[in-house]
Every structure is written in C-alpha cells, then in structure tokens.
1. Checking the condition within 13 Å of chain B (Cβ to nearest Cβ), part of a helix (DSSP H, G or I) and buried (at least 17 other Cβ atoms within 10 Å of the Cβ), which residue from A:Leu58, A:Leu28, A:Leu40, A:Leu111 passes?
2. Give me the pairs, please: first residue somewhere in region B:119-138 and in contact (Cβ under 8 Å) with a residue 60 or more places away in the chain and within 12 Å of chain A (Cβ to nearest Cβ), second residue anywhere and in a strand (DSSP E or B) and among the aromatic types (Phe, Trp, Tyr), beta-carbon distance under 9 Å, and either six or more positions apart or on two chains.
3. Cβ-Cβ below 7 Å, separation at least six or inter-chain, first residue in region B:69-81 and more than 7 Å from every other protein chain (Cβ to nearest Cβ), second at pLDDT 95 or above and assigned to a helix (DSSP H, G or I): which pairs?
4. Of all residues in region B:71-108 being assigned to a helix (DSSP H, G or I) and among the hydroxyl-bearing types (Ser, Thr, Tyr), which is surrounded by the most Cβ atoms within 10 Å (Cβ to Cβ)?
5. Give just the number: which of (1) more than 9 Å from chain B (Cβ to nearest Cβ); (2) more than 27 Å from B:Met1 (Cα to Cα); (3) not in a strand (DSSP E or B) does A:Arg8 not satisfy?
6. Looking at region A:5-20, which of its residues are buried (at least 17 other Cβ atoms within 10 Å of the Cβ) and over 15 Å from A:Ser126 (Cα atoms)?
7. Can you report the number of residues in region B:122-138 which are touching a Lys or Arg at 6+ places or on another chain (Cβ under 9 Å), charged (D, E, K, R) and under 29 Å from C:Thr134 (Cα atoms)?
Amino acid sequence: MIDSHTIRVNTRGHCDIINITPQIEGILSKSKIEDGLVNLFVSGSTASISTIEYEPNLVRDVEEALEKIAPEDKKYHHRETWHDDNGFSHVRATLMKPGITIPFRDKKPLLGTWQQVVLLDFDNRSREREITVTIMGD
Amino acid sequence: MIDSHTIRVNTRGHCDIINITPQIEGILSKSKIEDGLVNLFVSGSTASISTIEYEPNLVRDVEEALEKIAPEDKKYHHRETWHDDNGFSHVRATLMKPGITIPFRDKKPLLGTWQQVVLLDFDNRSREREITVTIMGD
Amino acid sequence: MIDSHTIRVNTRGHCDIINITPQIEGILSKSKIEDGLVNLFVSGSTASISTIEYEPNLVRDVEEALEKIAPEDKKYHHRETWHDDNGFSHVRATLMKPGITIPFRDKKPLLGTWQQVVLLDFDNRSREREITVTIMGD
C-alpha cells in the first residue's frame with residue numbers, strides 16, 4: 001500500500017529551520033497504513049530535511065556549523081553562472097541531501113522524545129516549499 | 001510485504017562507531033522477504049547510521065573530521081537551554097541524519113566488499129541505542 | 001510491487017560529480033510501477049549520491065567544500081592500514097552516505113526544475129561504479 005501527500009511550508013530562507021513534526025504526525029494518524037516507512041522529500045536544490053532536538057539554541061548551533069562549512073559571504077563560482085548569490089545554499093543542500101525516511105508503527109513516527117523532523121531552507125530569500133510525503137506499508 | 005525488527009546496541013558515546021553489519025545480515029537471512037529495501041533508523045537526536053570500510057584507522061579519521069566540523073570543546077548555545085554539554089553531539093547528528101536505506105537481493109545487503117554498516121553515537125556518555133530495522137519487498 | 005535495475009557509470013575519481021538523472025528517468029519511464037519511491041545506492045565505501053543544480057561552477061563549489069571538510073593532502077590514519085592514499089575519499093563517503101530515496105509520480109521523479117541526481121566519486125582513481133536502482137510502489 002502507498003499513500004501520498006504534500007506539505008507546503010513558508011520559509012524565510014537563510015538557514016530557516018522549521019519543525020514539521022506536527023504535520024507529519026497528522027498525516028500519519030489519518031492514513032489507512034498502520035506500519036511502515038514515511039519518506040519526506042523537498043523539491044529544489046537549496047533545502048534539506050533532517051531531525052533535531054528542536055529548541056532555539058540548538059537551531060543556532062546548527063546554523064553556525066553550516067556557516068562554517070559553507071559561509072554565506074564566500075565567493076562561489078556559481079555566481080559566475082547566473083549572478084546568483086546563493087552558492088552557499090546549494091552547497092549546503094547537496095551535502096545534506098533533500099530527504100529522509102522514517103519508520104512508523106501504529107500510525108506514529110518512531111522518533112525519540114527529543115527528536116523532531118525539520119525542514120532546513122538554505123536559500124537567500126523567502127520561499128514556499130513543497131514537501132512530498134510518501135507512506136508505504138501495511 | 002513488510003517485516004520489522006529492533007537492534008539494541010550499547011555504546012560508549014563520544015563518536016563511538018560500531019559495526020552493525022552482522023546483526024543486519026542475520027535479520028535479512030531469516031526474513032521471508034528475499035528482495036527489497038532495508039531501512040535502519042536510530043531514535044534520538046545524537047546518533048547516526050552510515051557505511052564505512054570498518055578498520056580502526058579509518059574510524060579515527062572519521063572521528064577527526066567530525067571533530068573539525070563540530071568540536072567537542074566549542075561553546076554551544078544548547079548549553080544555555082539545558083546545561084547539557086552535548087551540543088557537539090546534536091550538531092553532528094543533525095548534519096548526518098538518523099538513518100539509511102540499503103537494497104538487498106537474495107536476503108543479502110548489496111554492500112561493497114569493504115563497506116560495513118555502522119552506528120555512530122555522538123553523545124557525551126554511554127547509551128543503549130535502539131535501531132529500528134524495517135524490511136520491505138517481495 | 002518492486003522493480004530492480006543496475007546503472008553502470010565510469011568515473012575519473014577525485015570528486016568526479018556525474019549527472020545520472022537521464023538514466024533514472026529512463027528506467028522509471030519504462031517501469032510498470034507508476035507511483036512510489038526509487039532508491040539509488042552505490043556499492044563501495046568511497047562514493048555517494050545526492051542532488052544538485054548541475055552546472056560546472058556549482059560542481060566546483062561542492063568540490064571545494066568537500067576539500068575543506070576532508071582535504072586530499074591531509075595525512076590520514078587509514079594510510080597506516082593499507083598504504084592507501086584515499087583516506088579523504090572514505091571520510092567524505094561516510095559523511096555523505098551511499099544512497100538517496102526519491103519519490104516519483106506518473107513515472108517521473110519529483111525533482112525541482114534545477115535539481116539533478118548525481119553520483120559523487122571521491123576515490124583517487126578512475127572506477128566503474130555500480131548503482132542499484134530499487135523501485136517500489138503501485
């Protein structure tokens with residue numbers, strides 16, 4: 001069995017990290033599939049999905065780590081192609097990849113108590129993001 | 001068809017990297033599903049799963065790379081929230097994500113000869129980790 | 001339903017980043033499965049799969065970011081084990097992981113307009129890589 005949904009999220013960009021756990025829990029609780037895997041995938045080359053203990057200080061820590069890996073103000077070759085200033089966004093997204101697959105049982109994701117699912121928007125402007133939710137199982 | 005299991009692993013934390021390939025091969029060999037995908041997911045926000053050529057020197061190399069990305073002794077904002085000293089653990093886990101999906105055929109994972117599946121525990125103390133193993137296929 | 005294929009790709013190594021989107025679109029368009037998930041997995045411990053806006057300048061930016069994370073000329077402990085000089089390749093592959101799972105609908109992957117699927121070969125020599133393509137869905 002397969003069940004498919006779309007989540008839309010408005011972001012501010014610049015490493016905006018948004019908790020999407022409530023939306024995923026809501027979709028799973030209403031699905032006819034009780035046990036299986038849920039895949040989350042954000043279309044586009046400047047965003048990612050991961051998990052985190054969602055509290056503001058840790059969100060800042062992750063932002064700072066990504067700023068060290070791919071700083072916003074570095075001169076990226078990508079600028080030479082499109083005059084775009086979001087080279088840092090693309091590099092972060094390629095390193096972190098656009099999706100995640102999470103097991104669920106009895107219609108609930110098997111996350112830890114302090115583990116939330118987040119969308120990370122690395123772009124240099126606000127965006128409306130589309131996340132495809134694909135549920136497979138019994 | 002879907003088949004579900006749990007692996008429990010005791011870790012020492014501090015970037016403890018543990019080979020879990022034998023457990024996964026054991027579960028796959030006993031499953032009724034012959035071909036498909038196996039998803040491994042560690043609950044919690046301070047651990048990850050990946051693959052590596054599992055030999056002690058390379059394990060040290062990966063530890064050093066992660067220490068450069070998110071050093072243990074950096075001052076993390078996360079400390080201000082809970083007085084926890086495991087900011088580095090959380091940052092590493094969010095960057096590396098908590099799971100992996102691996103194809104298998106004839107009940108064997110399609111890993112390379114020098115490629116083992118590992119749990120990476122980034123926390124700053126010993127833990128008992130729970131890995132959910134979800135097998136889907138024919 | 002499950003459908004399984006293999007893609008073979010010749011690479012130059014040294015962070016060779018190759019667009020494999022046409023091969024994946026071709027396989028999906030010929031499959032009997034219309035909607036579901038496609039998993040791509042490269043066997044071996046020195047390569048990865050991700051997505052990127054595939055243009056040469058951005059490819060260079062990603063190469064430079066990975067060179068910063070795990071430089072080619074650093075002295076890796078791995079050398080002490082096998083006298084291999086590809087410690088950097090292994091570290092990059094473990095951090096980025098060997099696979100990706102992408103949703104598809106009506107036999108088309110749900111990628112963004114500027115989002116291509118790429119094989120990243122981190123090894124220090126040319127290789128023939130084998131990517132397992134596993135399609136699941138209805």
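The values are calculated or read from the model by the stated rules, or taken from the named source; none is laboratory data. Note that this is a predicted model, so its numbers are computed, not measured. All Cβ positions, even for glycine, are placed from backbone atoms using ideal geometry, and neighbour counts span all protein chains on display.
1. Checking each option against the conditions leaves just A:Leu58.
2. What qualifies is B:Ile131/B:Phe41; B:Thr132/B:Phe41; B:Val133/B:Phe41; B:Thr134/B:Phe41; B:Ile135/B:Phe104; B:Gly137/B:Phe104.
3. Filtered contacts from region B:69-81: B:Pro71/B:Phe88; B:Glu72/B:Phe88; B:Lys74/B:Phe88; B:Arg79/B:Gly87.
4. First pass over region B:71-108, keeping only residues assigned to a helix (DSSP H, G or I): B:78-82, B:87-96.
Filter again for among the hydroxyl-bearing types (Ser, Thr, Tyr), leaving B:81, B:89, B:94.
Details: B:Thr81: 14, B:Ser89: 27, B:Thr94: 30.
By that ranking, first place goes to B:Thr94.
5. So the condition that A:Arg8 fails would be (3).
6. A:His5, A:Ile7, A:Ile20
7. 2
So that you can scan it fast, the table gives a plain yes or no per residue for (1) over 25 Å from A:Leu58 (Cα atoms); (2) touching a His at 6+ places or on another chain (Cβ under 7 Å):
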site: A:Ser4; (1), (2): yes, no
site: A:Thr11; (1), (2): no, no
site: A:Thr21; (1), (2): no, no
site: A:Ser29; (1), (2): yes, no
site: A:Ser45; (1), (2): no, yes
